[in-house]
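Since every read-out is calculated from the coordinates, none of them should be taken as a lab result. None of these values were measured; they are calculated from a predicted model. Methodologically, a virtual Cβ is constructed for each residue, glycine included, from the backbone with ideal geometry; neighbour enumeration extends over all protein chains shown.
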Amino acid sequence: MKKKNHVLVTGGAGYIGSHTVVELLNAGYEVTAIDTLERSEIAIIEGVKSITGKAFNFQKADCLDLAAMQKIFSDNQFDAVIHFAAYKSVNESVERPLLYYKNNVGSLMVLLEVMKQFQVHDLIFSSSCTVYGQPDQIPVDESAPFKKAESPYGASKQICERILEDAATEGIRTVSLRYFNPIGAHPSAQIGELPIGVPNNLVPYVTQTAAGIRSQLTVFGNDYTTPDGSCLRDFIHVCDVASAHVNAIKFLQDQKSEKIFEAFNLGTGVGVSVLELVKMFIQVTGVNLNYKIGPRRPGDVEKVYADPKRVMEGLKWKAKYDLGQSLLHAWEWEKKIRGLS
Ligand code: UD1
């Protein structure tokens, strides 16, 4: 009998990482997940086990720790790696750029060194639509040039992609997935996003306001050149994001070439404004949301949404959930963690 494919997931207790572990286990993969648990909770790992009814190996470990990574690779035989472990706060990255370069770029360098040493070739990398900055054309496709990054976080993702493009020469085969705006939670409400402190991102701010933790949501700007004046984004259910990683592993394993760097947009192709999202939240949950219009947030891109043609064809993937379902799942998760009914 053929052994199961064994996948290492770094940042496996994080928001997208944990949902991806669920998809991998459901698809029959063997999983080893690692996480520092510095910005995530062990309860999420328990949630993954409860959803799937499957055991998997979890270890507290830091990708920056070369010796620890070598031990993990020598104890296991991995067929592929999915690298989520990174910091993701745009604001924090502006205040502490070196922390972001060290953690986001440094951890990738350690990982690549260990992958080479143990001859593991296939890597799925967590990238972001932020690599495009404000694109000249929307929907944006993968051929759009990178503009100067708006933040050190964005720059760290651009640098990592450049490193991975070059690493192809040394036998690392990469699929880089450029996420648009992942939202929502697992439909079971057993895992979801756990923001630290006051959320920067829109949907956790919306759900926390609806739950009474924040008094009011501020919509940052209604004077953009968009239909209703608020920013346009491509919101995508986190389970759809997660399932694309399974397709990406299959894609890499089907390729004969030893030299691969492929980037795919991971979005729905539908541009939704911040105000439309707020209205949709009120409509699907029936909960009133206290919000006001405030000034623009510095560094915000006016409008960006994906051209998903390449990912749909190349990875044979498409988004299953719509905006209403995504918001409902985000709300179910918020209620669960706050003990609301
Ligand atoms: C940005 C990056 C994304 C990155 C993410 C990490 C872009 C286009 N996207 O997402 O790649 O992974 O940060 O955090 O650069 N908003 C409000 N009120 C709030 C919060 C947000 O109106 O309280 C608005 C924002 O102004 C923005 C939209 O909601 O227009 C989405 O914001 P957010 O959820 O923070 O994500 P992005 O900034 O799009």
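What to note about this one:
- Within the shell defined by Cβ-Cβ distances under 10 Å, the residues around G269 carry a net charge of 0, with Lys and Arg each +1 and Asp and Glu each -1.
- The charge dipole of the chain, taken about its Cα centre with unit charges on the Cβ atoms of Lys, Arg (+1), Asp and Glu (-1) only, comes to about 440 debye.
- Cα long-axis angle, helix 15-26 against the chain (0 to 90 degrees, to the nearest 10): 60
- Projecting the Cα atoms of L289, P308, F180 onto the charge dipole of the chain (Cβ charges, centred on the Cα centre) puts L289 farthest toward the positive pole.
- Kirkwood hydrodynamic radius of the range 1-153, from inverse mean 1/r over distinct Cα pairs, in Å: 16.6
- Sites I42 and D75, calculated FRET efficiency, Cβ-Cβ separation with R0 25 Å, nearest 0.05: 0.75
- Projecting the Cα positions of P152, I138, V238 onto the charge dipole of the chain (unit charges on Cβ atoms of Lys, Arg, Asp and Glu, taken about the Cα centre) puts V238 furthest along the positive direction.
- Order of H6, H186 - criterion: other Cβ atoms within 10 Å of each residue's Cβ, fewest first: H6, H186
- Restriction of the trypsin sites (Lys or Arg not before Pro) in the range 73-162 to DSSP coil positions whose beta-carbon has at most 10 other beta-carbons within 10 angstrom yields K148.
- Too-long pairs where the Cα-Cα distance tops 27 Å, listed order kept, from K60/K102; K88/K336; K157/K303; K49/K256; K309/K335; K116/K309: K49/K256; K309/K335; K116/K309
- Simple rule: put +1 on each Lys or Arg Cβ and -1 on each Asp or Glu Cβ in the range 1-112, find the dipole, and look at L24, V48, A86; the Cα lying farthest toward the positive end is L24.
- Label-to-label distance, nm, for residues given as D254 and D65 (7 Å Cα→Cβ offset): 3.9
- Rounded to the nearest 20 debye, the dipole magnitude of the range 1-107 is 280 debye, with +1 charges on Lys and Arg beta carbons, -1 on Asp and Glu beta carbons, and the Cα centre as origin.
- Rounded tilt (10° steps) of 238-254 against the dominant C-alpha axis of the chain: 30
- Net +/- balance of residues flanking L328 in space, Cβ distance below 13 Å, scoring K and R +1, D and E -1: -1
- Mean projection area, nm², convex hull over Cα of the range 19-63: 3.0
- CD proxy at 222 nm, helix term only [per DSSP H run n ≥ 4: -39500 (n - 2.57); per residue of the chain; nearest 500]: -11500 deg cm²/dmol
- Local electrostatic count at I213 - Lys and Arg +1, Asp and Glu -1, tallied over other residues with Cβ under 9 Å: +1
- Candidate aspartates and glutamates - alpha carbon under 17 Å from K4, same-chain residues fewer than 8 apart omitted: E23, E30, D75, D79, D122, D254
- Note on the range 119-257: Cα-only Rg and Dmax are 17.8, 55 Å.
- DSSP-defined antiparallel bridges as percent of all bridges, the chain, nearest 5: 5
- Within the range 210-265, the trypsin sites (Lys or Arg not before Pro) that combine a DSSP coil assignment with at most 15 other C-beta atoms in a 10 angstrom radius are K256, K259.
- Degrees separating the helix 274-285 axis from the principal Cα axis of the chain, which is the longest one: 90
- Computed over the range 213-322, the P(r) curve from all C-alpha pair distances, binned at 5 Å from the origin, holds 2, 10, 16, 17, 15, 13, 10, 7, 5, 3, 1 percent per bin.
- Residue range of the chain that is longest and free of chymotrypsin sites (Phe, Trp or Tyr not before Pro) which are both DSSP loop and sparsely packed (at most 16 other C-beta within 10 Å): 147-341
- Across the chain, the fraction of Cα-Cα pairs farther apart than 32 Å, rounded to a whole number, is 26%.
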